[in-house]
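Structure record follows, encoded as structure tokens.
Read-outs: derived from the displayed coordinates by stated rules, not from any lab. Not measured: the values here are computed from a predicted model. Don't worry about glycine lacking a Cβ; one is built from the backbone with ideal geometry, like all the others, and counts go over all protein chains shown.
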Amino acid sequence: MKNPFATKRGAQMLLSTVAAGFLVALAVGHSASRALAQTAAPADLLARGEYLTGDAGQCADCHNAQLQGGPNKVKPRPGVPWADTVPSLRGLKMFATDADALTFLRTGALPDGSKAKAPMPGYRFNQADATAIVAYLRSLK
Ligand code: HEC
């Protein structure tokens, strides 16, 4: 058999094989790093969400130690519409979609456009922090 390198056609074939191999390697590398990101991200995300709702945000001050909700223990401010109860944040079951939860944490607006009653603060978390909080609270059973 003739050496394929010897002909122009052979050299072209070899080049395109190498190029295709390179693209396949790129694609495999890309999906491998995406798969890694998908398995590595949750732990980081959950830790960040735990920190933001814990030490930083202190949601437990009002939502109770295990974020399980209950009666609102914060003394009402006269003249301010006040919530009698504080919802459980475990699983964030009040939000049908993550998008609704993110909007609330980013803007303070509920799906119907209203705001939560006092003393719930109108938080303005950024997208990354809101994402971490939603991931963490959704993970709580
Ligand atoms: C100063 C007290 C207080 C703190 C601190 C607080 N909350 Fe609340 N939160 C409330 C009260 C009271 C309600 C109920 C409001 C209502 O019934 O309209 C509430 C409601 C909510 C709701 C449900 C909104 C709705 O009406 O569906 C979410 C979600 C929520 N809080 C998340 C958080 C998160 C996350 C944190 C911490 C980053 C936090 N809250 C910290 C008092 C608080």
From a point 7 Å beyond the Cα of L110 in the direction of its Cβ, which residues of the range 46-84 have a backbone N at a distance under 14 Å?
81-84
For G70, other-chain or 5+-apart residues with amide H closer than 5 Å (H placed, Pro excluded) are V86, S88
Label points 7 Å out from Cα along the Cβ direction at A128 and A99: separation in nm?
2.4 nm
Under the rule of at least 5 residues apart or a separate chain, name every residue whose amide H is placed under 5 Å from the amide H of A118.
A83
Treating cross-link reach as a plain straight distance, find the aspartates and glutamates whose alpha-carbon is under 18 Å from the alpha-carbon of K75, omitting any fewer than eight places away in the same chain.
D61, D84
J(HN,Hα) series, the range 76-84, from Karplus relation 6.51 cos²θ - 1.76 cosθ + 1.60, nearest Hz, glycine and proline x:
x, 9, x, x, 9, x, 10, 7, 7
Order the peptides 89-100, 69-80 from the highest to the lowest mean number of other Cβ atoms within 10 Å of their residues.
89-100, 69-80
How much length, in nm to one decimal, is gained on full extension between N64 and R90, taken as 0.36 nm per residue of separation minus their Cα-Cα distance?
8.3 nm
